Amino acid sequence: MNSILRKTIVTTGLTGIVLSAAAQKNDNIINVNAAKITSTIQPTMWGVFFEDINMGADGGLYAELVKNRSFEFDTPLMGWKMNGGKVKEGDFLVLNRKAADSVNPRFLRVNVHDAQRAGDMSITNEGFRGMGIKKGVDYNFSVLYSLQKTGVILHVELIDSTGKIVGSTSLTPNDNSEGWHRAEASFAADATVMKAKMRLWFEGNGVIDLDMISLFPSDTWKGRKGGLRADMVQLLADMKPGFIRFPGGCIVEGRDLSQRYQWKKTIGPVEDRQLSINRWNTEFAHRLTPDYYQTFGLGFYEYFQLAEDIGASPLPILNAGMACQFNTAELVPVSQIDPYVQDALDLIEFANGDANTRWGKVRAEMGHPAPFNLKMMGIGNENWGPQYLERLKIFTKAIKDKYPDILLVNSSGTDPNGERFQLLNDSLRKWKADIIDEHYYRRPEWFFQNAKRYDSYDPNGSKVFAGEYAAQSDKTVSVDNKNNWLTALSEAAFMTGLERNADVVYMASYAPLFAHIDAWQWTPDLIWVNNLQAYGTTDYQVQKLYALHKGTNGISILQNGEEIAGKDSLYATAAIDKNTNELIIKLVNAQDKPQVKQIQVDGKKLAANGKLITLQSDDLNAMNSFENPMNVSPKEDALAIKGKQINLTLKPYSFTIVKVKML
Ligand code: AHR
């Protein structure tokens, strides 16, 4: 640990102010050699990790506003209320047609009689912690219906907390042929409401069956019907991530094997995607979320499409035949693992196969004839032990035999050290695994101390995917963890070590990605949302700066002939971008005093003007918020350069990027 940081921790628990030691002679000179290439930075280097946790998908990214739209939650009417002066016993019935449809068995039968106004017979959906409604935006209502007796008019209304109607439409389902039919209507909202509800009231006399009662905003990402929340996707697109990992996380494993993530159940028409409980529903007794389910409206097709939209390489993670080892730790016997392996092989065909292949055809029929260009896949999330190795071996053989070019990501367990890590890391390196996934949820001081973690890794060995990491201001799974400037600064310092070792570290992603302010289970998270807004945390700003100013090759940057990785709380990495012919230097000053530095650049001539991008706060507790989303955000200044010398004053507690054209 560097002395400044140690002193800070001891005296103030990392939140106070500590004076820096006097600068050593010559310590203010930093030497960069732009001609001395030290690594190749992968295009995938900085990516994002998506998991349906904290209402990240249902209630979050997936823009559906109706909760429990198909009555398939364990409590079939959860989220719904039946009302009305004319309602008699038996007028609303939940029917189960499991023998005919085991995937979406339940629906609602409504016996409508003598109904003329909203107060007579209605059902109201509360949404996911309410429905975020925006003035002037059109809303698309749809429902599957089957008429048992004609004569029903449906009225759809959005209502605010005072009962005021802020948008409405009506429709008359009139197809009385056998089976299910779709009715749709669009209408504009005339007010912005954070927590609206949707009331559906019935007029007339008749009997109608209802299923898949749905409401989407029309302003989804790319305007896709039934699509994703545009503001949330935009925050991802703004990062230009190199990859997107999905669908998790522990959600891949499930509490038990029956609840594991099965991608084949997440494609095709949404009404045919079998709902499953979300494992985060019951995971934490202190953060129970009884209404958390996975509808899979955001399924594997949509994940691939999202990856393509934001220019990220898709990285699906598949179940390795093991349920979460923190929960049931169920294992599929090796003798019965074939279907799991087949799922992996079929996924590659789904993503890359042409439209004549079985699974390529499914993709094409869903609207994407061109392949999704899948290049890598993870087998297992946080799995560990010899049981994992035994299963992984079978997957690896089958996949490499058929698809030798697909890179496989393997788990190294839950922690970046300890016996479990050692067993997997040693074994996987002996096997010459393609990529090993390391996870670290640790306090900020760990991140500062570990900026050199990868300096000792063999650049010719297996590559590292820092697949889940986040500095914890308190401790892992504590509800008191904050996304503050200290957590972000410590990650920025640590990430200098990832970039400096880009020949070892091929990919990295902060985790988790999204959290809904009213429905989260896990904190800290990269992006926080409510029903109407989304903002990037301090940690997001760091991730974004790294991703946007990545470069193509690492180059030498030294102080007194040594790597800059913590001495005097200074951290640095340098790269060039061969595409734009730029020099990019990243520096983190983690002390409470400015540091004056002269950077001598050899190997290339520099333009006379460059850019200085600074992310800084004097307050280590500073946070971004819905009220002040850009409280800690980058500032850009012009930078004059004298020949080969760049003079800088690094602000206290700052992350600074220098960008200069090379001549
Ligand atoms: O990111 C939250 C959880 O942390 C992930 O689901 C799991 O992989 C890790 O333990």
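The values are calculated or read from the model by the stated rules, or taken from the named source; none is laboratory data. Only a predicted model underlies this, so the values are computations on that prediction, with no experimental measurement involved. Quick reminder, even Gly has a Cβ in these numbers, built from the backbone with ideal geometry, and neighbours come from all protein chains shown. These area figures cover heavy atoms from the full protein model, side chains too; ligands, DNA and RNA do not enter into them. Shrake-Rupley method; radii C 1.70, N 1.55, O 1.52, S 1.80 Å.
Side notes on the structure shown:
- The label point for N205 and the one for K611, both projected 7 Å from the Cα toward the Cβ, are 7.1 nm apart.
- Solvent-accessible area of W263, all protein chains in place: 0 Å² (probe radius 1.4 Å, heavy atoms, ligands and nucleic acids excluded).
- The charge dipole of segment 359-422, taken about the Cα centre with unit charges on the Cβ atoms of Lys, Arg (+1) and Asp, Glu (-1), comes to about 300 debye, rounded to the nearest 20.
- Taking the convex hull of the alpha carbon positions in segment 222-273 and averaging its projected area over all directions gives 5.1 nm².
- Efficiency of FRET between D256 and T357 - r from beta-carbon atoms, R0 35 angstrom, step 0.05: 0.65
- Accessible area per residue in Å² at 1.4 Å probe, computed on the chain: 38 Å²
- Portion, in percent, of the accessible area of the chain that falls on carbon or sulfur, probe 1.4 Å: 50 percent
- Scaled against 2.2 N^0.38 Å for its residue count N, the alpha carbon radius of gyration of segment 332-479 is 1.22.
- Calculated SAXS-style log₁₀ I(q)/I(0) at q = 0.17, 0.32 Å⁻¹ - segment 147-197, Debye, Cα scatterers: -0.62, -1.24
- Taking Cα atoms only, the orientation of helix 338-352 departs from the longest principal axis of the chain by about 80 degrees.
- Taking N as its residue count, the alpha carbon Rg of the chain over 2.2 N^0.38 Å: 1.04
- As a rough guide to protection, the peptides 339-352, 158-171, 530-543 ranked by mean Cβ packing within 10 Å, highest first, stand as 530-543, 339-352, 158-171.
- Heavy-atom accessible area ranking, 1.4 Å probe, most first, across S569, S276: S276, S569
- Between F326 and T580, the modelled label-to-label distance comes to 3.8 nm, taking each label 7 Å out from Cα in the direction of the beta carbon.
- Debye log10 I(q)/I(0) at q = 0.09, 0.16, 0.21 Å⁻¹ for segment 250-404, Cα point scatterers: -0.30, -0.95, -1.41
- Segment 80-217 - convex hull of alpha carbons, volume per residue in Å³: 104 Å³
- Subtracting the Cα-Cα distance of Q387 and A191 from their residue separation scaled by 0.36 nm leaves 65.0 nm.
- Label point distance in nm, T169-T150, each placed 7 Å from Cα along Cα→Cβ: 2.3 nm
- Close amide H pairs (under 5 Å, H built 1.01 Å from N) link I436 with N410, K463, V464, F465, residues at least 5 positions away or on another chain.
- Largest accessible area first, the listed residues T476, T44, T289, T192 line up as T192, T476, T44, T289 when surface is computed with a 1.4 Å probe on the assembled protein chains.
- By the Kirkwood approach, averaging reciprocal distances over each pair of separate Cα atoms, segment 193-326 gets a hydrodynamic radius of 17.3 Å.
- Counting only Cβ charges, +1 for Lys and Arg and -1 for Asp and Glu, the dipole size of the chain around its Cα centre is about 1560 debye.
- Positive-pole candidate from H549, V207, M121, dipole of the chain, charges at beta carbon: H549
- The separation of segment 382-433 from segment 298-369, counted between C-alpha centres, amounts to 18 Å.
- P(r), alpha carbons of segment 472-567 - 10 Å bins starting at zero, rounded %: 14, 41, 29, 13, 3, 0
- Calculated log₁₀ intensity ratio I(q)/I(0) where the Debye formula runs over C-alpha points of segment 520-617, q = 0.14, 0.18, 0.21 Å⁻¹: -0.69, -1.01, -1.23
- Taking 20 Å as the straight-line reach from the Cα of K432, the lysines in range (excluding those fewer than 8 positions away in the same chain) are K375, K393, K397, K400, K402, K463.
- Here segment 40-98 has an Rg and Dmax of 20.0, 71 Å, counting Cα atoms alone.
- The simple Förster model, with R0 at 35 Å and r as the Cβ-Cβ distance, assigns K452 and D619 a FRET efficiency of 0.80.
- Extension gain, H286 back to A35 (0.36 nm per residue minus Cα-Cα distance, nm): 84.9 nm
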